[in-house]
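The values are calculated or read from the model by the stated rules, or taken from the named source; none is laboratory data. Here the structure is a predicted model, which means the values were calculated and not measured. Note that each Cβ is placed from the backbone with ideal geometry, even for glycine, and that neighbours are counted across all protein chains shown. Note: areas computed on protein heavy atoms with side chains; ligands, DNA, RNA excluded. Shrake-Rupley method; radii C 1.70, N 1.55, O 1.52, S 1.80 Å.
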Amino acid sequence: MESKNQTITIETRALTKRFGETVAVAGLDLEVRRGEVYGLLGPNGAGKTTTLRMLLGLVRPTAGTATVLGRPPGDGEGLAQLGALVEEPAFYPYLSGRDNLRVLARYCGVSATRVDEALCTVELSDRGGSKLKSYSLGMRQRLGVAAALLKNPQLLILDEPTRGLDPKGMAEMRTLIRAVGRGARTVLLCSHLLGEVEQVCDRVGVIDKGRMVRQAPVEELRAGGRLVVEAEPLEAAERVCREFPGVSDVEVVGGKLELSLDGDRAGDLNAALQEAGVRVRELRRLQRSLESVFLELTEEGG
């Protein structure tokens, strides 16, 4: 059986960063598990990028603790197993994509064989010999991911990897993130694009004003909506639902009932309907969009 230290890739406790009188991150508790794609969500100015910079050892926390791959942020042993793309990647425009990666590989002490492997992973093998100045923004972003993959890291940190991309480039980047996030590798994705996060992440953490508002699997966040009940006779089903403890806001929509139910009592409601002689064809929760959950959480946090 694995210990907690073996299953947790990133952990922070009361992590705080102040810039003068401004509190950018306020007592953040974050937990990222090995082998998952974790999305860090928050409005602009919520403290996402400052958090990533502290995890990478680029910014020193004012208070609190953090461990990354079991090591303090910025520790050499931890950095050797970590790849990151924070903001737009910087490369030499007069060199080819392949030569840019060769320079980085020599600097990192990585075998040159990793260069072509990384280019293949991000589907740039056919353009590796082209000079960077001929690359589109999407190709430069993919080259940035290739650079982050050179060390074949256990942890990959990506800050707004679809920034400035057109829809095609965004779709390609989503596919790439899903591909590199397979197996034991952990991906921490920071983004304000909820559709992107919803499609690629296993769990998300929502931060607002530097604080963690909610941390949970994507499906768990989306599953908190109203109940839909399809049953006959509809009139009898409506009567049972209105009388059931904890039910409120019962509506008839398209020949079905929609209602709110306190707690996890859907099974009890189903049993009550059957006892009343009502035939239940469907009883399920309406899944909310991640956008509606995000807006609800950040408005409550405000």
Is there a residue being within 28 Å of residue 208 (Cα to Cα), outside any strand (DSSP E or B) and open to solvent by less than 40 Å² (accessible area, probe 1.4 Å) anywhere in segment 281-291?
yes
Looking only at segment 58-68, which residues are in a strand (DSSP E or B) and either more than 25 Å from residue 184 (Cβ to Cβ) or of a type in the set (D, E, K, R) (or both)?
63, 64
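For segment 255-262, state whether one or more residues are at pLDDT below 90 and either surrounded by fewer than 15 Cβ atoms within 10 Å (Cβ to Cβ) or under 28 Å from residue 47 (Cα atoms) (or both).
yes
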Answer yes or no: is there a residue in segment 70-82 that is in contact with a strand residue (DSSP E or B) (Cβ under 7 Å, 6 or more places away or on another chain) and either closer than 30 Å to residue 296 by Cα or of a type in the set (A, V, I, L, M, F, W, C) (or both).
yes
Condition broken by residue 80, with the remaining ones in (1) within 20 Å of the chain's Cα centre (by Cα); (2) of a type in the set (A, V, I, L, M); (3) open to solvent by 40 Å² or more (accessible area, probe 1.4 Å) satisfied:
(1)
Inspect all residues belonging to segment 250-273 and state whether any of them is in contact (Cβ under 8 Å) with a residue 40 or more places away in the chain and more than 30 Å from residue 157 (Cα to Cα).
yes
Pairs only if they're at least six apart or on different chains, beta carbon under 8 angstrom, first in segment 280-292 and closer than 15 Å to residue 217 by Cβ, second outside any strand (DSSP E or B) and of a type in the set (Lys, Arg); list them, first residue then second.
285/226; 287/222; 288/222; 290/222
Tell me whether segment 47-68 contains one or more residues that are surrounded by fewer than 17 Cβ atoms within 10 Å (Cβ to Cβ) and either of a type in the set (Asp, Glu) or touching a helix residue (DSSP H, G or I) at 6+ places or on another chain (Cβ under 6 Å) (or both).
no
Residue 90 is checked against (1) out of contact with any helix residue (DSSP H, G or I) (no Cβ under 7 Å at 6 or more places or on another chain); (2) open to solvent by less than 70 Å² (accessible area, probe 1.4 Å); (3) of a type in the set (Gly, Ala, Ser) and fails just one. What number does that condition carry?
(2)
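Could you check segment 3-57 for strands (runs of 3 or more DSSP E) lying wholly inside it with 2 or more residues that are within 20 Å of the chain's Cα centre (by Cα) and β-branched (Val, Ile, Thr)? Even if it seems obvious, please write down each step before you answer.
Working: elements: 8-19, 22-33, 37-41.
In segment 3-57, the matching strands (runs of 3 or more DSSP E) lie at 8-19, 22-33.
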Just to be sure I understand the filter: pairs with C-beta atoms under 7 Å, separated by 6 or more residues or on different chains, first member in segment 90-103 and at negative phi, second member polar (S, T, N, Q). Which pairs pass?
91/100; 92/100; 96/130; 97/130
Matching residues in segment 235-254 - criterion: being in a helix (DSSP H, G or I) and open to solvent by 60 Å² or more (accessible area, probe 1.4 Å)
235, 239, 242, 243
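Yes or no, residue by residue, for (1) closer than 22 Å to residue 169 by Cβ; (2) aliphatic (A, V, I, L, M); (3) open to solvent by less than 70 Å² (accessible area, probe 1.4 Å):
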{"position": "86", "(1), (2), (3)": "yes, yes, yes"}
{"position": "96", "(1), (2), (3)": "yes, no, yes"}
{"position": "122", "(1), (2), (3)": "yes, yes, yes"}
{"position": "128", "(1), (2), (3)": "yes, no, yes"}
{"position": "131", "(1), (2), (3)": "yes, no, no"}
{"position": "136", "(1), (2), (3)": "yes, no, yes"}
{"position": "142", "(1), (2), (3)": "yes, no, yes"}
{"position": "145", "(1), (2), (3)": "yes, yes, yes"}
Only one of 214, 182, 174 is over 23 Å from residue 68 (Cβ atoms) and either hydroxyl-bearing (Ser, Thr, Tyr) or out of contact with any Gly (no Cβ under 6 Å at 6 or more places or on another chain) (or both). Can you tell me which?
174
Go through segment 180-231 and give me each residue that's open to solvent by 60 Å² or more (accessible area, probe 1.4 Å) and on the phi > 0 side of the Ramachandran plot.
183, 209
